[in-house]
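Q: Please read through the structure below; I'll follow up with questions.
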Amino acid sequence: MNYWPLLAVLVVVVGFMRRWNPVLVVMAAAVTAGLTAGMPPQQLLTEIGQGFVKNRYLLIIILTLPVLGALERAGLREHAQQWIARRKGMTPGRLMTLYLAVRQSAAAMGLTSLGGHPQTVRPLLAPMAEGAARATHGAIGPKLRERLRAMAAATDNVGLFFGEDIFIAFGAVLLIQGLYAENGIVMEPLHIALWGIPTAILAFAIHAWRLHRFDKRMVQAVSAEKPVGERTDD
């Protein structure tokens, strides 16, 4: 077995650790994998070109960036923070739990584009979580702000990943079916999707519990980041 194509994984790891251009890193990894696998340069270029043509619809996300930039310039993040701050009792954990339920339910129905990091987490969910934290605990420091943003991104990931596996026409479900078929196990996509429901429920419960703990620990985190003169216990 030829293990040299695994050098592409090393290229990706090193490239992202050094924070090089992601496009160049991915292209370098593809070239490395192709050449080490013995693929002729002409065939390698053909495969890269065909992959780009087949997945060019993914570039549609680029069209949303100018719209999001204009909305943020008009104060979208500030309005989101002010709106959520007026909701009494809405903590960051409760807000993200609600988003998790919506995101996972929508993904289970095939609406995977209803949400996402660029169009929902960055301009809406993360600012709203910060607004809820300020309304509950007052001013927050930079470390807690980054943790809020990271938890918002993780919530979107969990909701999408475990919700889309329930949708019968999702590519991963068909991939699982093909893998089982290659090993002589015949399974219908519907059965695979149904068995994804318990996993999705457990994923929701576990992450909701993590968000609840995040709310509980936020009090200590806010107190630790405040200057000594601003702490309520001094």
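The values are calculated or read from the model by the stated rules, or taken from the named source; none is laboratory data. Note that the structure is a prediction, hence the values are computed from the model and not measured. All Cβ positions, even for glycine, are placed from backbone atoms using ideal geometry, and neighbour counts span all protein chains on display. With ligands, DNA and RNA removed, areas are computed over all heavy atoms of the protein, side chains included. Shrake-Rupley method; radii C 1.70, N 1.55, O 1.52, S 1.80 Å.
Q: Would you list 215, 156 from the most to the least accessible area, probe 1.4 Å? Display every interim value, and only then the final one.
A: Working: 215 30, 156 5 Å².
Correct descending sequence by accessible area is 215, 156.
Q: How charged is the neighbourhood of residue 209? Take every other residue with its Cβ under 14 Å from the Cβ of residue 209, and add Lys/Arg as +1 and Asp/Glu as -1.
A: On the way: positive: 94, 210, 213, 216, 217; negative: 215.
Residues close to residue 209 contribute a combined charge of +4.
Q: If each of residue 46 and residue 181 carries a label point 7 Å out from its Cα toward its Cβ, how far apart are those two points in nm?
A: 2.6
Q: If you wrap a convex hull around the C-alpha atoms of the range 84-174 and split its volume per residue, what is the figure in Å³? Walk me through the intermediate numbers first.
A: On the way: hull volume 7.5 nm³, N = 91.
Dividing the Cα hull volume of the range 84-174 by its residue count gives 82 Å³.
Q: Sticking with this structure for a sec: Once ligands and nucleic acids are excluded and a 1.4 Å probe is used, how much of residue 111 is accessible, expressed in Å² to the nearest 10?
A: Rounded to the nearest 10, the figure is 90 Å².
Q: Return, for the Cα atoms of the range 77-129, the radius of gyration and Dmax in Å, separated by a comma.
A: For the range 77-129, the Cα-based Rg and Dmax read 11.6, 33 Å.
Q: Stokes-Einstein D for the range 125-198 at 20 °C, 1.002 mPa s, Kirkwood Rh over Cα pairs, in µm²/s?
A: Working: Rh = 14.9 Å.
Value of D from the Cα-based Kirkwood radius: 144 µm²/s.
Q: Could I ask something else about it? Report the Stokes-Einstein translational diffusion coefficient (µm² s⁻¹, integer) for the range 103-144, Rh taken as the Kirkwood radius over Cα pairs, at 37 °C with viscosity 0.692 mPa s. Provide the component values of the computation, followed by the final result.
A: Values: Rh = 11.8 Å.
Roughly 278 µm²/s, to the nearest whole number.
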